[in-house]
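Here's the structure, in structure tokens; my notes come after.
The values are calculated or read from the model by the stated rules, or taken from the named source; none is laboratory data. The structure presented is a predicted model; accordingly, all values stated were derived computationally and were not measured. Positions of Cβ are generated from backbone atoms using ideal geometry, with glycine treated the same way; all protein chains shown enter the neighbour counts.
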Amino acid sequence: MTTTLQENEPLQIPAQREIIDQIINEQKKRPGAVMVILNELQNKIGFISEPMQAYVAKQLRTSIGSIHGVVTFYSFFTTQPRGKHTIKFCMGTACYVGGIPQLIDKAKQVTGVGLGETTPDRLLTLEACRCVGACSQAPVVTIDDEVIGRVRPNKFPQLVNKLRVNNAH
Ligand code: FES
């Protein structure tokens with residue numbers, strides 16, 4: 001099977017390819033090499049694309065499935081570049097009952113992307129998260145490290161606009 005490499009694929013960009021090779025070569029003999037390598041790739045490259053997963057598997061002589069399994073299990077690994085800001089929607093019970101599904105629908109309308117996706121301008125990534133402990137303020141979203149409660153769908157566009165405006169300055 002051949003994999004078609006995308007234009008922004010790190011393996012195709014010489015400087016990034018060098019970083020990837022360096023991380024793999026430095027770490028591959030260590031115990032727990034898979035986690036260490038994936039962590040470093042996430043930190044230094046910003047995401048772990050499917051071709052990168054296949055490449056790591058090949059270099060470590062392990063199956064693509066086992067690498068893919070680790071990447072999909074831990075939510076701090078992403079397979080696409082993240083946006084500058086990450087908006088997370090709390091999927092805990094209180095927030096779910098309190099209107100998160102409707103808020104997610106609104107977010108899709110406003111941003112044009114769904115959960116797990118990033119806007120084409122790389123400004124926003126939308127994600128789901130677990131209860132953040134602010135249940136009395138449901139429905140809750142977090143924007144980067146800030147917890148924002150009682151977000152009604154009609155308020156959501158304002159939050160996004162604020163990020164867009166801040167980004168423009
Ligand atoms: S359920 Fe959303 S903050 Fe607890």
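Points worth noting:
- Of all residues making up segment 109-123, the number that are surrounded by 13 or more Cβ atoms within 10 Å (Cβ to Cβ) and modelled with pLDDT of 95 or more: 2
- Count of residues meeting criterion [among the small types (Gly, Ala, Ser) and in contact with a Pro (Cβ under 9 Å, 6 or more places away or on another chain)] in segment 45-84: 2
- Residues in segment 102-145 that are of a type in the set (Asp, Glu), without any contact (Cβ under 8 Å) to a residue 40 or more places away in the chain and within 16 Å of the ligand (Cβ to nearest atom): 1 in all.
- Residue match in segment 146-167 (condition: away from the ligand (no atom under 16 Å from the Cβ), under 12 Å from the mean Cα position of the chain (by Cα) and buried (at least 16 other Cβ atoms within 10 Å of the Cβ)): no
- Here Ala94 meets the list (1) part of a helix (DSSP H, G or I); (2) within 16 Å of the ligand (Cβ to nearest atom); (3) under 28 Å from Arg164 (Cα atoms) almost entirely, failing just condition (3).
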